[in-house]
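Here's the structure we're looking at; comments come further down.
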Amino acid sequence: MVQVLATSWALLLGIGLLMIGNGMQGTLLGLRGGIEGFSTAEMSVIMSAYFVGFLGSSRVTPILIRRVGHVRVFAALGSFISAALILYPTVAQPWAWALLRVAIGFCFCGVYIVAESWLNNTATNETRGQTLSAYMIVQMGGIVAAQGLLVFGDPSGFVLFVIPSVLVSLSFAPILLSVNPTPAFESSQAMSLRRLFRTSPTGCVGMFLMGLVFSAQFGMASVYGSQAGMTAAEVAAFVAAIYTGGLLLQFPIGWLSDRLDRRMLIVGASLIGGGAALAAAVLSGAFVGLLVAAFLVGGMANPLYALFIAYTNDYLDHADMASASGGLLFINGLGAIAGPLITGAMMGALGPNGFWLFLAAVMLTMAAYALYRMTQRAAPSADETATYIGIVPTASPVAVEVAQEWAIDHAEEQDAAGSTH
């Protein structure tokens, strides 16, 4: 890890600043939307718009990189982000925010793709796993750290919108000054969705449901906090608890994943997360209890994203893993677009607790489907399973493909070691 930090600290610093800016604007919009009097339905459309842009960028940005190169794409998209962040308080209309969110989702995905390409280029086969781990810690840590900055201003003012804009602008310096020319951009052709579903129904259904859960957390948690009457500081602590859980519980769930039937782990994590969300809805009131529920839901949901990828890999040949990631990410993206819309509808009909009831329903459905699939197919033996990689839902397709390639290399090394004994 020391070697990784020595060679990649500037890139990781820049990515950290990007994540702080992104994590801050997501929570801030939920607070400011309540102040502006936006309805729950309007906020759900605004929050969903980010994932429309993110999914579109995952397809378009590779084309842009091939045409004009990494540096120009990064600089252009980063400039758009800084401008859009400042525009939010000046055009406080739901339709304008929705358009800005599409643009910001597109641009953030694009800069992640470029930054992750550079980060992968600095890693060797020996350090790629540690580099990925450091990157995921920086991503989740950045979102958590972002919440602490919300106490340095009034959500009804302008300053809190300037801070993420400045942070995104500052992120250019360490990234652009530290990179070397990168090889030609390459991406795998996505496996057809029909073939992917035949290979792993649990993986496909799980990734769609995870898209619903993650986008509800990322987009609607601050809207819930605002509607539930939390102060700005309490909303920040609430959102931070979600991602702190995801950061701290990633390793123990990953450790168990390589030793247990992964479907049992999916069932267990889904039941814990769904149960915590249901308890928060039924017993809502005490803020400390809401923090515990947020920690557990985030701590179960975020590692499940990587768990579904690893489970799908268990049924794929090594050569198909990278191409399968494209289909999985597309399925996840469709769920992410729908998540805030459905959550907003439930909150509009049932009040703020619709947020928790939606998360509970999705996670309990996840557990039920995994239990059903256990009756349809036997689990592979532990020595035949693919390696769990702690990838998080905020990662772009590049990071997921790099993680898949690392898993392939690791599996091939294990096969070679096994054949020599």
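Considering every pair of different Cα atoms, what Kirkwood radius, in Å, is found for segment 1-107?
Taking every pair of different Cα atoms in segment 1-107, averaging 1/r and inverting gives 15.2 Å.
Sorting 240-251, 43-54 by their mean Cβ neighbour count within 10 Å, with the most densely packed peptide first, gives 43-54, 240-251.
Would you order Val91, Val400 from fewest to most other beta-carbon atoms within 10 Å of each residue's own beta-carbon? Kindly include the intermediate steps, with their values, before the conclusion.
Details: Val91 11, Val400 25.
Ranking Val91, Val400 by Cβ neighbours within 10 Å, fewest first, gives Val91, Val400.
For the peptides 69-81, 17-29, the ranking by packing is 17-29, 69-81, with the highest mean count of neighbouring Cβ atoms within 10 Å listed first.
Kirkwood-type hydrodynamic radius, segment 256-346: 15.1 Å, calculated from all non-identical alpha-carbon pairs.
Bear in mind that the values in this text are calculations on the coordinates, not laboratory data. Worth saying up front: this structure is predicted, and the values here are computed from it rather than measured. No Cβ is skipped: glycine too gets one built from the backbone with ideal geometry, and neighbour counts run over all protein chains shown.
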